[in-house]
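Heads up: the structure comes next, in structure tokens.
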Amino acid sequence: MGKDVAIVGLYCDFHAQQEQSAVNMLGVMLKQLTSRRGIPKHTRVAFREAKKEFGGRGLQLPGMVDILKRTTASLRQLFICIDAIDECTPKHRRELIESLREIVRLSPGVRVFITGRPHMLNGEPRKV
């Protein structure tokens, strides 16, 4: 792939539901994006500043979304593939999908492909 085209992938694991928060899943995507291209200065600064905050808790969801928006802006195309979205907790799934919507809204070259079991409708489980 060219330098301005990237693909990131994520598999949601039922056994890791608590660790797979939206911010952690977006962080995995960011790691994949920066592994070949290097870590942009704005990303290093954001992580350093988050560590300085009370308790050094790291980046929260809005900060991670902001970093991804800035990172994807330099790409002509980005393909995000998420497998087994139904394995996430409803809260994490909702936050992840809302975050991806925001990123896609501002970055027209981003395409998202999500798989899940057929009982999922609009990101929420339904009775079958």
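The values are calculated or read from the model by the stated rules, or taken from the named source; none is laboratory data. Here the structure is a predicted model, which means the values were calculated and not measured. Neighbour counts run over all protein chains shown; Cβ positions are idealised from the backbone, glycine included.
Listing for the model above:
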| item | result |
| --- | --- |
| Residue satisfying all of: in the range 12-23; surrounded by 17 or more Cβ atoms within 10 Å (Cβ to Cβ) and out of contact with any Lys or Arg (no Cβ under 9 Å at 6 or more places or on another chain); modelled with the lowest pLDDT among these | Gln20 |
| Within the range 86-105, considering residues that are more than 15 Å from Leu30 (Cβ to Cβ) and in contact with a Ser or Thr (Cβ under 8 Å, 6 or more places away or on another chain), the one surrounded by the most Cβ atoms within 10 Å (Cβ to Cβ) | His92 |
| Residue that is at pLDDT below 85 and farther than 13 Å from Val23 by Cβ, where the choices are Val45, Val104, Val112 | Val45 |
| Unique residue being part of a helix (DSSP H, G or I), in contact (Cβ under 8 Å) with a residue 24 or more places away in the chain, under 13 Å from Ala22 (Cα atoms) and of a type in the set (Lys, Arg) when the list is Arg70, Arg94 | Arg94 |
| Filter pass, Leu75 being free of Cβ contacts under 8 Å to residues at least 60 places away in the same chain and of a type outside the set (Asp, Glu) | no |
